[in-house]
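The values are calculated or read from the model by the stated rules, or taken from the named source; none is laboratory data. Please read these numbers as outputs of a predicted model, since none were measured by experiment. Here the Cβ positions follow ideal geometry from the backbone for every residue, glycine too, while neighbour counts run over all protein chains shown.
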Amino acid sequence: MVTIEELPILANVWVDDTRVHFDLEDGRSIAWPLSWSPILIKATPEQRRQFSYSAYHVFWDNIDEIIGIKNVLYPTISIINSGKHSD
């Protein structure tokens, strides 16, 4: 199991029409599909753009969603399967 001290720190986050993008302080960039979050996929573009982030989490307070860097780096099967729906 990975501890929080072992996780890279978020350096930048942005959202486009299909993904949440994470730039990490260790130089990696990762794009996470919006479809992996039932809340984000249903949100408006404006709601998706209204977020804040800390060292390890991204917060969308207006739609009650949080994505942690641990989930981005080590997604579970349930997260991945949540994206298997039809729009």
Q) Is it the case that some residue within region 48-68 is surrounded by 14 or more Cβ atoms within 10 Å (Cβ to Cβ), farther than 17 Å from Leu7 by Cα, modelled with pLDDT of 95 or more and of a type in the set (S, T, N, Q)? A) yes
Q) So which residues in region 11-25 are in contact with a helix residue (DSSP H, G or I) (Cβ under 9 Å, 6 or more places away or on another chain) and touching a residue at least 40 places away in the same chain (Cβ under 8 Å)? A) Val20, Phe22, Leu24
Q.
I need a count of the residues in region 29-62 that are more than 17 Å from Leu10 (Cβ to Cβ) and in contact with a Lys or Arg (Cβ under 7 Å, 6 or more places away or on another chain).
A. 2
